[in-house]
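Trainee: I'd like to ask some things about the structure below.
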C-alpha cells in the first residue's frame, strides 16, 4: 500500500495541498493513494520503497510504496498497469499495482535477478537468475525462472540456459544476464553480460517455457555474433536486431544482425559492422545504436571528449546500407536510452565514463552534447506531454546538493528538453530526494 512519509524538501507543503483538494486519501480506513494524474516511480535503495513523484509539478508527493530492501530496476508491464522491481537484499521480485499504488505480492527467487519482464495480461513473468544454487534450480546454475504475477506469486517453471546439449560447448553458453521480450510475447532472447566472453545467446519460446518442465532454449551462434549482448524488435515481433558489442566486450568486431523469428529455428539475416554496439533504441524504422569502441579513428573524438563513444543511426528497411551517420557521444558502457520531446534522444552510460555519462542527441540537427558533471546513469524517464526528462545518475561531489558526500550516488535530476543538445541543461525546479535512487519510470499513459 502507499504510505505517507515525512522526508523530502517541500513534502509538508505538498501534503497540505493534497488535503485541501481532498485528494490525500480514497476514503476513511482505505489505503492511501496519491491520486496524481502524472506520476514517476523512483526506487530508493536506502528505505526499501518506490517514491511517488508528482511528475506534473516536479514535487515530492510524500507517498511511497513499500517493496523490500534495496529495490533496483523498475520494469513496466506492456500496458503499464503493473511495475516489477527486484529487491536485492531480500531476493524478492515485487509486483506493484500502478493504479492502487500497492504491492500485490512478491516472488522469492533463488538468487539475484539481473533482468525481468511481464507478458501481456500480467499473469506470467520471467526473471533471469545467473549463478543460481543448483539445489534450488533443478541442478542448473544459470536459469530463467517463470513466475506467477497474479495469484500464487511463486516460481512455476525453470528454463535451463547454462548449457545447450547440442552445442558441443564445454563451457556455459552464457550467464543469464539480460532478457529481451518480443512485443508479441512469443519469444524471449537471453544474453550474457559484457564480461561473459561468449559468442552465443539463447532464444526461448515463451509458450514452451510455461508448459515444459526444465525446458531449454535454442542456442544461436555463428560468425555473425561476436559477444551478443542486446536486441531490439520490429513492431510486429517478426524480426530481432541483435547487437554484438565485439571488442568492447573482449571480442573482435561490433555489429548488428537481423534475426528472422518466423522460422524454427530463427534464421540469421543481414549483418552490418558498426564501430560499437552495446545498446539500441528503435523508433519507427530508425535505429540508434550506442557503444564505446576501444579505439576511435583519428580525429573522430573532439578534443574535449577523448576518448569517446559512438552513436550510429541506421534505417532498418535498408539495413545492408549500414549506418547513415556516426556521432561522438560519452564513453563508458551504454545501457539505457529514451526518446524525449523536442526530438531529443537521451543516452546513458556507466560505469567507466571519463567525461560524464549522459549524452543528449538532437535528432533534427544531428548534434550531441555530454553533461560533463554527472556520473553513471541508471534510469531515464521522459515525462509525457511535457518537455522535461527525469534522470537517475551519480553526481560529482562538488555539484548540486552533494557537497558533503563523495561520491554522491543515485540522485534524481530533471533536464530541460527544450535546451540545446550541445549544452545539457537542468530545469530550474529540482526534486531533492533523500536516499539513493536506483531507477525511475514514468508510469502513466
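The values are calculated or read from the model by the stated rules, or taken from the named source; none is laboratory data. Fair warning: this is a prediction, and the values are worked out from it, not measured in the lab. All Cβ positions, glycine included, derive from the backbone under ideal geometry; neighbour counts span all protein chains shown.
Trainee: Is one or more of the residues making up segment 392-410 at pLDDT 95 or above, buried (at least 20 other Cβ atoms within 10 Å of the Cβ) and not in a loop (DSSP other than H, G, I, E, B)?
Mentor: yes
Trainee: Starting from segment 295-308, keep only residues that are under 13 Å from residue 332 (Cα atoms), then list their pairs with residues that are not in a loop (DSSP other than H, G, I, E, B) whose Cβ atoms are within a distance under 7 Å, requiring at least 6 positions of separation or different chains.
Mentor: Partner pairs satisfying both residue conditions: 305/328; 305/370; 308/328; 308/329.
Trainee: While we're here: Given the conditions (1) at pLDDT below 95; (2) in a strand (DSSP E or B), report the number of the one that residue 295 does not fulfil.
Mentor: (2)
Trainee: Check residue 251 against each of (1) part of a strand (DSSP E or B); (2) out of contact with any helix residue (DSSP H, G or I) (no Cβ under 9 Å at 6 or more places or on another chain) and name the one condition it does not meet.
Mentor: (1)
Trainee: Scan segment 59-68 and give yes if some residue there is under 24 Å from residue 190 (Cα atoms), in contact (Cβ under 8 Å) with a residue 24 or more places away in the chain, in contact with a strand residue (DSSP E or B) (Cβ under 8 Å, 6 or more places away or on another chain) and surrounded by fewer than 24 Cβ atoms within 10 Å (Cβ to Cβ), otherwise no.
Mentor: No, segment 59-68 has no match at all.
Trainee: Scan segment 282-307 for residues that are surrounded by fewer than 24 Cβ atoms within 10 Å (Cβ to Cβ) and touching a strand residue (DSSP E or B) at 6+ places or on another chain (Cβ under 8 Å) and jot them down.
Mentor: Matches in segment 282-307: 282, 283, 285, 286, 287, 288, 293, 296, 300, 301, 302, 305.
Trainee: Since residue 235 meets every condition but one in (1) buried (at least 17 other Cβ atoms within 10 Å of the Cβ); (2) closer than 15 Å to residue 182 by Cα; (3) within 19 Å of the chain's Cα centre (by Cα), which condition does it not meet?
Mentor: Answer for residue 235: the failing condition is (1).
Trainee: Could you check residue 353 against (1) buried (at least 19 other Cβ atoms within 10 Å of the Cβ); (2) in contact with a strand residue (DSSP E or B) (Cβ under 6 Å, 6 or more places away or on another chain) and say which number it fails?
Mentor: Result: residue 353 fails condition (2) only.
Residue by residue, here is whether (1) at pLDDT 95 or above; (2) in a loop (DSSP other than H, G, I, E, B); (3) closer than 19 Å to residue 333 by Cα holds:
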position	(1), (2), (3)
158	no, no, no
169	no, yes, no
175	no, yes, yes
179	yes, no, yes
184	yes, yes, no
197	no, yes, yes
232	yes, no, yes
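Trainee: When you scan segment 104-113, do you find a residue that is at pLDDT below 90, part of a loop (DSSP other than H, G, I, E, B) and more than 17 Å from residue 210 (Cα to Cα), even just one?
Mentor: For segment 104-113, residues at pLDDT below 90, part of a loop (DSSP other than H, G, I, E, B) and more than 17 Å from residue 210 (Cα to Cα): absent.
Trainee: If a residue must be modelled with pLDDT of 95 or more, part of a loop (DSSP other than H, G, I, E, B) and surrounded by 18 or more Cβ atoms within 10 Å (Cβ to Cβ), how many such residues does segment 334-350 contain?
Mentor: 1
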